[in-house]
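One structure is given here, and the rest of the page talks about it.
The values are calculated or read from the model by the stated rules, or taken from the named source; none is laboratory data. What you see is a predicted model, and the numbers here were worked out from it, not measured in a lab. Neighbour counts run over all protein chains shown; Cβ positions are idealised from the backbone, glycine included. Note: accessible area is taken over every heavy atom of the protein model, side chains too, but ligands, DNA and RNA are not part of it. Shrake-Rupley method; radii C 1.70, N 1.55, O 1.52, S 1.80 Å.
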Amino acid sequence: MSTSVATPLSTPASTLDQSLGSLARSIPGATALFDASGLDFCCAGNKTLRKAAAENGLDAEALAARLDAMRGGPAEGRDWRAAPAAELIDHIVERYHARHREQLPELIRLARRVEQVHGERPDCPAGLADHLEAMRQELESHMMKEEQILFPMLARGMRPQAAGPISVMRFEHEQHGDALEGLSALTNGIVTPSGACNTWRALYLGLATLRDDLVNHIHLENNILFDESAAAEVSHA
């Protein structure tokens, strides 16, 4: 009796066989890994990860595993409204504070590179690196105040006493929103221009990720963590 064999569906190229340029454009954070590994994803961006790693004496499998781990990430589908404050705080610090501290130095480096190399182009985001540096400083100050003052108070159940710090953090969140608007203005809505190099494309991919992360970060604090504090304060009145 004859049996039919199903034709396997085509699958995307493995990470090892994708070009450095493609990986830099599609995986936020890949540029930092490539830079630390001495891999040229811009001028030599057409080389596959497998080939580039071999030429540089690097472990291609290990690099591919790290890149695969950086893709996407777990879905943010949990309803945090029912979570204890301490658990939500841990999530915010680990998922967003740590992420911003990783994102911004690399984005600043990429922005300075784009401005140095493509400064003559009218669509070059002039002043972007300085804008990102200002955002980094403001965010670092903001996150330190949360980690050292507000979050320990909330984790210990000191909700009535946290009203003042919460008000300050909400105001600073509005300033972060203004900074995101400035970022959008400098980058034409974070739209990659025609003919942009791999560094430029990677920069804008990272900027879009930063924007989404910061928006979600502020949402969790303003609309869940801080609102829970306000409700608890009323219950203690």
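Here are the numbers:
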read-out	value
Test set (1) more than 23 Å from Leu183 (Cα to Cα); (2) in contact with a helix residue (DSSP H, G or I) (Cβ under 6 Å, 6 or more places away or on another chain) - Asp79 fails condition number	(2)
Scope region 205-227; condition open to solvent by less than 10 Å² (accessible area, probe 1.4 Å), under 15 Å from the mean Cα position of the chain (by Cα) and either basic (Lys, Arg) or over 17 Å from Met70 (Cα atoms) (or both); matching residues	Leu214, His217
Candidate set from region 54-87 (those that are more than 22 Å from the chain's Cα centre (by Cα) and either among the β-branched types (Val, Ile, Thr) or modelled with pLDDT under 85 (or both)); member that is surrounded by the fewest Cβ atoms within 10 Å (Cβ to Cβ)	Ala82
Condition check for Leu183: in contact with a helix residue (DSSP H, G or I) (Cβ under 8 Å, 6 or more places away or on another chain) and either under 14 Å from Pro125 (Cα atoms) or open to solvent by 50 Å² or more (accessible area, probe 1.4 Å) (or both)	yes
Odd one out for Ala24, checked against (1) more than 20 Å from the chain's Cα centre (by Cα); (2) modelled with pLDDT under 90; (3) under 30 Å from His100 (Cβ atoms)	(1)
Residue match in region 66-74 (condition: in contact with a Leu (Cβ under 7 Å, 6 or more places away or on another chain), touching a residue at least 24 places away in the same chain (Cβ under 8 Å), of a type outside the set (Phe, Trp, Tyr) and closer than 28 Å to Thr187 by Cα)	yes
Conditions (1) open to solvent by less than 70 Å² (accessible area, probe 1.4 Å); (2) under 30 Å from Cys42 (Cβ atoms); (3) not in a helix (DSSP H, G or I); (4) not polar (S, T, N, Q); number of the one not met by Met158	(2)
Residues of region 27-53 satisfying the condition of being more than 25 Å from His91 (Cβ to Cβ), of a type in the set (A, V, I, L, M), modelled with pLDDT of 90 or more and open to solvent by less than 80 Å² (accessible area, probe 1.4 Å)	Leu39, Leu49, Ala52, Ala53
